[in-house]
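Input: a single structure, listed below in structure tokens.
Read-outs: derived from the displayed coordinates by stated rules, not from any lab. Keep in mind it's a predicted model, so treat the numbers as computed, not measured. With ideal geometry, Cβ positions are generated from the backbone for all residues, glycine too; neighbour counts draw on all protein chains shown.
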Amino acid sequence: MGKRIMMALAAASLWAAASADAKLVTWTLHDVTFSDGGTAHGFFTFDPTIPSAHSSPTQYLTAFDIKTTPGSIMTAPFEYSPANTDASVPWFVNFFSAPESPSPRHGLPQRVLHLFIHGTYPATGGRVEIFSADSTDALYREDGSRISRTFSGGFLVGAVVPEPTELALLGAGLLVLLKRRVRALRGVVRHP
């Protein structure tokens with residue numbers, strides 16, 4: 001009877017961990033290049049199950065770090081991070097930073113990175129192509145001028161971020177199975 005209860009507990013824990021709704025997905029930039037020869041790499045994390053539309057509320061991002069390299073248009077590298085950047089997800093991912101202005105993040109000069117993709121972000125992660133025609137890296141200057149470069153290639157790979165309760169359930173199920181296996185092996189050793 002005890003073995004059946006332990007197996008049922010292990011199965012239930014493993015099933016609950018596998019079927020729990022994970023919402024956060026970390027998206028990593030891959031092979032991202034700009035029209036001026038520069039590149040970008042890094043990641044951002046958000047919940048793609050929250051509907052995105054022009055009329056929906058903005059979802060602000062807190063976990064991201066994207067570094068750009070110089071090219072012929074943008075001649076200095078730049079890092080978009082929570083320390084100097086606000087980031088949001090309306091219908092595209094938007095990073096804006098103004099670390100050199102008197103009003104950081106919202107003043108001028110301001111760096112802006114827009115990431116558009118083909119379609120929507122899948123809740124389960126996976127590979128999505130960056131829509132190069134609309135995705136840009138731009139610098140808005142104090143005199144009102146703007147320089148920008150478009151994306152010339154690249155894609156994003158999303159991986160679901162496990163929640164702590166999922167990990168705990170998975171661990172509990174694995175411990176029960178391990179304990180059962182150890183007991184079975186001890187039984188084999190005792191009775192040659």
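Would you compute the Debye intensity of region 25-161 from its alpha-carbon atoms alone, equal scatterers and no solvent, and pass along log10 I(q)/I(0) at q = 0.13, 0.17, 0.21 Å⁻¹ to two decimals? Once normalised to I(0) and log-transformed, intensities are -0.52, -0.90, -1.35. Among HIS114, HIS41, the ranking by other beta carbons within 10 Å of each residue's beta carbon, starting with the fewest, stands as HIS41, HIS114.
Arranged from fewest to most other beta-carbon atoms within 10 Å of their beta carbon, VAL128, VAL182 become VAL182, VAL128.
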